[in-house]
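Here the structure is laid out as structure tokens; the discussion comes afterwards.
Every read-out reported here was derived from the displayed coordinates using simple, explicitly stated rules and does not represent laboratory data. What you see is a predicted model; the values in this text were computed from it and never measured. We place every Cβ from the backbone using ideal geometry, glycine too, and count neighbours over all the protein chains shown.
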Amino acid sequence: MSQDFTPIAALPAVAAAERTLLDGIDPERMMRDVAYFSTLIRHAGTDDEVAAFRYIAEECRKAGIADLREESFDAFLSFPISGTLSVEGLGPVRAKTRAFAVSTGGEEVSGELVFVPTKGGTALFSGDGSRDYDEIDVRGKIVLSDRGRPDTILAAGRAGALAHIHYWASDEDAIHEQITTTIWGTPTPDSIGRLPTIPSLGVTRGDGLRIVDRAKDGGVRATFSTVVETGWRRVPLVTAQIPGTASDDYALLNGHVDSWHHGTTDNATGNAACLELARIAWAAREHLSRGVRICWWSGHSQGRYAGSAWYADHYWEDLYDHAIININIDSPGARGATRYDVVTMSAETEQLGTAVIRDLTGQHAEAERPTRAGDQSFWGPGIPSLYMLLSNLPRDQWAAVGGCGMNWWWHTEADTLETADREVLALDTRIYAATIARLCAGPALPYVLADAAREIADLLAEYERGAAGRLDLAALRARAEATTRAIETLDAHAAEAIVDDLDPAAPATLAIVAAQKAVSRALVPLRYTSGNRFDHDAAMPAPALQALRDAPTLAALDPESSEARFLQTSLRRRGNGVALVLRKASAAAHTIINP
């Protein structure tokens with residue numbers, strides 16, 4: 001029973017806020033910002049990045065924003081300086097090393113090349129490479145692979161490889177900058193072991209296939225060198241706060257300032273969008289019952305989301321108490337990016353996101369479940385996500401990349417000013433602005449929280465089927481279904497508050513929003529984290545409801561084995577944790593059902 005929150009856009013206060021915000025957007029001003037940012041090579045911790053942050057702060061002050069915070073912190077960063085590669089029979093091959101890879105200090109190292117075919121997925125963003133080395137001896141050899149995820153490079157090192165060379169999945173004549181660690185933000189004693197242990201190099205697909213052809217018969221040697229500088233640097237962070245008229249709650253908007261090279265569409269355009277949203281939200285603040293907080297991060301590109309992770313660590317309670325959404329703004333406004341077919345939306349925010357995109361573009365957006373990437377550092381405090389990448393090229397034109405509208409120039413020297421499109425950036429910013437209006441000017445939050453609970457119920461059934469009769473989740477499924485029904489009633493109360501256009505400051509409205517936040521605080525970590533909501537999981541794709549992710553493993557184990565019994569015990573304990581979270585979510589919903 002999904003609730004319809006469509007009427008929220010027609011409420012007088014929301015319509016006035018949306019109109020004021022949209023009318024305030026100045027595309028020419030945004031492009032001036034983009035042009036300035038694009039003159040800077042904004043690598044984290046450099047003078048150019050400091051200049052960019054200084055510009056952001058000065059522009060916020062010019063707009064009159066009263067609550068502006070400038071901070072700095074020490075980040076553990078890595079900078080790939082140079083890489084060389086020469087292959088026997090081919091000669092020199094253009095190559096780049098990668099952030100956090102092992103440095104040879106420029107010293108040349110030689111070894112035999114071995115091509116490792118991938119199993120169960122290829123390219124940069126897919127597949128688990130843990131089994132790629134089961135049937136091939138790579139000890140002391142240079143691995144060549146079309147799989148380049150950090151976990152596969154780590155696996156190659158653990159298998160004894162001398163180095164890892166990755167060739168790209170799409171055909172552009174460019175080498176993309178990459179990062180070779182799964183550690184999210186600053187390492188801890190528990191995570192530092194996931195740093196790579198071998199050098200890593202990237203080459204183009206064309207060169208990679210040439211090397212494969214040369215190496216497939218064996219006995220071919222290659223020589224490489226790398227220079228990588230890894231260590232601590234002081235980096236900045238700027239936050240602009242626009243207060244709400246009726247609540248201390250706020251929508252969190254954010255994007256990274258640090259870049260690879262000039263980084264126009266990754267992420268100068270995002271920085272300009274955030275700056276414009278700060279200006280127009282400040283000018284329209286009397287229309288916003290809830291606040292807007294805009295953050296500009298460092299340490300995304302060279303520190304694996306170091307800035308947003310640091311902010312989550314240091315403002316955890318404030319985020320838990322008051323943040324209603326995380327809107328990450330990364331790579332908007334890219335040339336040719338006119339499609340909104342696939343958009344990152346969590347289950348509870350999907351109806352809001354699809355309605356805004358439909359209303360502003362006329363297109364239908366399919367929801368893509370948020371993945372563990374792109375400054376999604378706020379699932380621990382229980383904050384729902386909406387957007388990350390937004391507009392894209394038509395699907396049949398996508399390169400094998402992770403931003404810039406899926407254009408080939410992502411993470412390359414070619415991402416310069418001409419890659420930005422004024423009209424696309426203006427439309428993307430309009431989408432963000434309309435979303436702010438519907439979140440921050442209406443009575444209740446336009447979320448379908450029952451869809452989040454329903455996702456959990458469906459996953460429990462899926463895991464039970466995967467365990468092939470070896471795991472009884474009937475009681476847990478019943479708990480999830482009861483929780484879903486309770487949250488459906490909460491959703492109905494929220495929808496009624498919107499239809500009735502209740503005063504956002506009225507006690508009844510505030511109680512509904514408090515219940516919505518409490519449900520989200522329970523369900524978001526359950527669906528998106530491995531269980532420790534105060535830590536940061538690896539920057540790796542992960543299934544929903546990770547607590548029970550290995551339930552299907554039971555189907556392949558001897559039921560009388562110790563291994564099976566150990567896993568049964570672990571799943572039982574983790575199932576107790578799932579039950580408790582569902583109980584908390586149900587209790588939060590019942591505060592409105594039975595006030």
Which trypsin sites (Lys or Arg not before Pro) from the stretch 166-216 combine a DSSP loop assignment with at most 12 other Cβ atoms within 10 Å? K216
For the stretch 77-230, give the share of DSSP beta bridges that are antiparallel, in percent and rounded to the nearest 5; count only bridges with both residues there. 60 percent
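Only loop residues by DSSP count here, and only those with at most 14 other Cβ atoms within 10 Å; note down the chymotrypsin sites (Phe, Trp or Tyr not before Pro) in the stretch 271-355 that meet that. Spell out each step's value before the answer.
Details: sites: W282, W296, W297, Y305, W310, Y311, Y315, W316, Y320, Y340; in loops: Y305, Y315, Y340.
Qualifying residues, ordered by number: none.
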For the stretch 516-595, which chymotrypsin sites (Phe, Trp or Tyr not before Pro) are in a loop by DSSP, counting at most 11 other Cβ atoms within 10 Å? F534
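Note the direction-averaged projected area, equal to a quarter of the hull surface, for the Cα convex hull of the stretch 1-108, in nm². Could the numbers behind the result be given before it?
Values: hull surface 61.0 nm².
Seen from a random direction, the Cα hull of the stretch 1-108 projects 15.2 nm² on average.
Order these by the 10 Å Cβ neighbour count, fewest first: D428, D550, D151, D321.
The most exposed by this proxy come first: D321, D550, D151, D428.
Fewest to most neighbouring Cβ within 10 Å: what's the order for C295, C274?
C295, C274
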For the chain, the longest principal axis of the Cα atoms and the Cα long axis of helix 350-361 enclose an angle in degrees, to the nearest 10, of 90 degrees
Quickly work out the S170-to-A555 label distance, labels modelled 7 Å from Cα along the C-beta direction, and quote it in nm with one decimal. 3.5 nm
D318 versus T223, label points 7 Å from Cα toward the beta carbon: distance in nm? 5.5 nm
Relative to the longest principal axis of the chain, what angle (0 to 90°, nearest 10) does the C-alpha long axis of helix 12-24 take? 40 degrees
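Classify the chain from the C-alpha gyration tensor, please: rounded if a/c falls under 1.5, else prolate or oblate depending on whether a/b exceeds b/c. Numbers along the way, then the final one.
Working: a/c = 2.07, a/b = 1.26, b/c = 1.64.
Note, shape of the chain comes out oblate.
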Would you calculate the separation in nanometres between label points at I136 and D213, each defined as 7 Å from the Cα along the Cα-to-beta-carbon direction? 1.9 nm
Extension length gain for R465 and F534 (0.36 nm per residue less Cα distance), in nm, is 21.7 nm
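Based on other C-beta atoms within 10 Å, arrange L471, L490 from fewest to most.
Numbers: L471 21, L490 27.
Starting with the residue having the fewest Cβ neighbours, the order is L471, L490.
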Rounded, prolate or oblate for the stretch 449-593? Axes are the square roots of the Cα gyration tensor eigenvalues, ordered a ≥ b ≥ c, and the cut-off for rounded is a/c under 1.5. prolate
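Per Stokes-Einstein, at 10 °C and 1.306 mPa s, what whole-number D in µm² s⁻¹ belongs to the stretch 77-230, with the Kirkwood radius over Cα pairs as the hydrodynamic radius? Write down the numbers at each step before the final one.
On the way: Rh = 15.2 Å.
Result for D is 105 µm²/s.
Cα gyration tensor of the stretch 259-399, axes a ≥ b ≥ c as square roots of the eigenvalues: rounded (a/c below 1.5), prolate (a/b > b/c) or oblate?
Numbers: a/c = 1.40, a/b = 1.18, b/c = 1.18.
The shape class here is rounded.
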Antiparallel DSSP beta bridges within the chain, as percent of all bridges there, nearest 5: 55 percent
Give, as ranges by residue number, the residues of the stretch 415-450 whose backbone N falls under 20 Å from the point 7 Å along Cα→Cβ of A35. 415-427, 429
